[in-house]
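What follows is one structure encoded as structure tokens, with my remarks underneath.
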Amino acid sequence: MSRFILIDGDKANFIPVFGKAIVTVRPGRLKASGRSTLKGKKICVDGDEKKLSVCGCMYISPPYVIPGTGTLKIASLGIDQKARKTYSGRKKVLLKGSIFIAKFKVQSPAIKPPTAPGEPPTPDPMRQYSGMGTFSTINTKWQAT
């Protein structure tokens, strides 16, 4: 378990498998809003994770193999990713921790190609998929509890 404090610009790294969907992931960057700073950068506090969004990620979900697109977001933090005792202002500090729950919201559905002549292509009926991710931080010194 990593108790390193997350700071402005740290990354959310999404795992490409979202249930049946396979997403071409890109990392998202956290935008910190804490009052405190580390090495001149604001620290991340509870709620900053909700502002992170990675748009325009391609995905497929067999048999829907013609790629669609969507947006990656953090659905909820792991229990070890929010400090219990350390605050900035009145908000708990965010920690690297282990794994968060992610969601992939479909903007343009992947398509299943026609299986017979004259049959129309079929769009993926799923509007959202669940997955996971981890944080990476450049902070290797300051920790919180």
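Read the figures in this text as sums done on the coordinates, not as results from a lab. All values derive from a computational prediction rather than experimental measurement. Cβ sites come from the backbone with ideal geometry, for glycine too, and all protein chains shown count toward neighbours.
At a glance:
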quantity: Residue order, fewest to most beta carbons within 10 Å, for Leu95, Leu30; calculated: Leu30, Leu95
quantity: Exposure proxy order (Cβ contacts within 10 Å, fewest to most) of Phe14, Phe4; calculated: Phe4, Phe14
quantity: Cα centroid separation, region 105-138 to region 34-72 (Å); calculated: 17
quantity: Gain upon complete extension [Lys41, Thr24; 0.36 nm per residue less C-alpha separation]; calculated: 3.2 nm
quantity: Within the chain, longest stretch free of exposed trypsin sites (Lys or Arg not before Pro) [DSSP loop, at most 11 other beta carbons within 10 Å]; calculated: 40-89
quantity: Mean projected area in nm² (Cα convex hull; one quarter of hull surface) for the chain; calculated: 8.6
quantity: Computed Rg/Rh of region 6-92, alpha carbon atoms with Kirkwood Rh; calculated: 1.08
